[in-house]
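Any read-out appearing in this document is the output of simple, stated calculations on the displayed coordinates, not a laboratory observation. Remember, predicted model here, so these are calculated numbers, not experimental data. We place every Cβ from the backbone using ideal geometry, glycine too, and count neighbours over all the protein chains shown.
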Amino acid sequence: MENIRGKTALLTGGSRGLGVHIAGFLAKEGVNLALTARSEEGLKTTADEVSRENVKVKIYPADITDQASREKLIKDVKADFGQIDLLINNAGMEWVYSYAALTTDFIEKMIQTNLISPMLLTRMVLPDMLARGSGHIVTMSSIAGKRGNPYGGIYCATKAGLIEWSNGLRLELSGSGVGVSVICPGFVAESGMFAVYNKKAPKIAGETTPAKVANAVIKAIKKDIGETPVIPGPSWILPVLDAIHPCLANWLLRIGGVYEFYRKQAEDNEKKVAESQGNKEKVNG
Ligand SMILES: NC(=O)c1ccc[n+]([C@@H]2O[C@H](COP(=O)([O-])OP(=O)(O)OC[C@H]3O[C@@H](n4cnc5c(N)ncnc54)[C@H](OP(=O)(O)O)[C@@H]3O)[C@@H](O)[C@H]2O)c1
């Protein structure tokens, strides 16, 4: 879709992190914005920032894992904007932790948030896009969807699922006027779920920026690009090594410090949880 000025985008995960940058880049391109996330306060801050660009911006606080909320969201956005031209499935969650210590509820919540919600939101906007013969779906995956990380298997599984779902849907819809793109960033510095750790990414992986990710979203829509990796370091070689033999990718993750990075992060997270549980017991007891 070469000309996106005046179109309407529904952007999930608009309250913080990469969503704020994606909203800014879309607004600069003259795209009207329907921003959603759970935090009303975060959405208001993003809306204030992007409304300088003279586009229509409205916020829709909602939990995208809830079907009734998803239905209300789509209905409200259509009532306010008339139609949804672009859906940016950006919301997501990550948690670096020992797999055996995760609860069933937590595992289900992550799969709902990262994988099922984007699939179902897309299913809800697609019939109108197909009827108009125009639209674009962009989904935020990750380089983690290309190779499983230790202490993050569920996250990686959801991101891998998004890549192959997007690839399949793109082929299915080719010629329909509706484009499908998937973005695969590596570690993103400055803001977002990795930046909150306040740590340097392993050298082999390198770090990218929110601006590069947001730019990839715009380019994917305008040039109708299927899959875009946004990775600065030599980790692009991982899928190549994986295709030769999985042992090679595992070897690189170990010697490149990626395994150790996640092991240490899981240890830190588990310590924090244990401390907060200890504090709760102190307060209650
Ligand atoms: N940052 C990175 O290094 C990186 C790398 C690769 C891929 N990614 C992907 O990029 C996307 C954005 O990540 P980020 O770094 O910006 O993460 P973030 O800072 O943690 O922001 C996540 C966003 O998702 C929203 N969200 C989470 N659960 C939700 C729910 N149940 N309902 C509605 N909204 C929900 C959050 O809003 P509320 O909490 O207000 O609901 C927030 O706006 C994610 O899909 C992530 O997997 C990030």
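Quick notes
- Remark: CYS156, CYS247 ranked as CYS247, CYS156, counting other beta-carbon atoms within 10 Å and listing the fewest first.
- Built amide H within the under 5 Å cut-off of GLU227, gap 5+: VAL182
- Rg in Å to one decimal, and Dmax rounded to a whole Å, for region 114-217 via C-alpha atoms: 15.3, 47
- Springs join every pair of Cα atoms under 10 Å in this Gaussian network model of the chain, and among GLY175, GLY256, GLY19 the largest mean-square fluctuation is at GLY175.
- Placing a pseudo-label 7 Å from each Cα along the Cα-to-Cβ vector at ALA195 and GLN67 gives an inter-label distance of 3.7 nm.
- Less than 5 angstrom separates the built amide H of GLY135 from those of GLY179, all sequence-distant by 5 or more or on a different chain.
- Taking the inverse of the mean 1/r over every pair of distinct Cα atoms in region 22-165 gives a Kirkwood hydrodynamic radius of 16.3 Å.
- Cβ-based net charge around PHE25, under 14 Å, with every Lys or Arg adding one and every Asp or Glu removing one: +4
- Charged neighbours of GLY42, selected by a Cβ distance under 14 Å, balance to -2 (K, R count +1; D, E count -1).
- Dipole magnitude for the chain: about 400 debye, using +1 per Lys or Arg Cβ and -1 per Asp or Glu Cβ, origin at the Cα centre.
- Choice from ALA220, ALA62, ALA274 with maximal GNM fluctuation in the chain (Cα, 10 Å cutoff): ALA274
- The chain: DSSP helices with Cα axial extent of at least 27 Å and average Kyte-Doolittle hydropathy no lower than -0.5: 153-172
- Note that region 87-99 has calculated 3J(HN,Hα) couplings of 10, 10, 7, 10, 4, x, 9, 9, 7, 8, 7, 5, 4 Hz, one per residue in order, obtained from phi through the Karplus relation 6.51 cos²θ - 1.76 cosθ + 1.60 (θ = phi - 60°); glycine and proline are x.
- In this simple spin-label model, placing a label point 7 Å from the Cα along the Cα-to-Cβ direction at both GLU172 and TRP251 gives a separation of 3.9 nm.
- Estimated purely from DSSP H runs of n ≥ 4, each contributing -39500 (n - 2.57), the mean residue ellipticity at 222 nm for the chain is -16000 deg cm²/dmol once divided by its residues.
- At q = 0.14 Å⁻¹, base-10 log of I(q)/I(0) for the chain (Debye sum, equal scatterers on each alpha carbon): -1.03
- Under 25 Å from the Cα of LYS72 - lysines, other chains or at least 8 residues apart: LYS7, LYS44, LYS56, LYS58, LYS109
- Whichever lysines have a C-alpha closer than 23 Å to that of LYS280, once near sequence neighbours (fewer than 8 apart) are set aside: LYS271, LYS272
- Note on region 8-235: dipole from Cβ charges, positive end direction compared against TYR99, SER235, THR139; the farthest Cα belongs to SER235.
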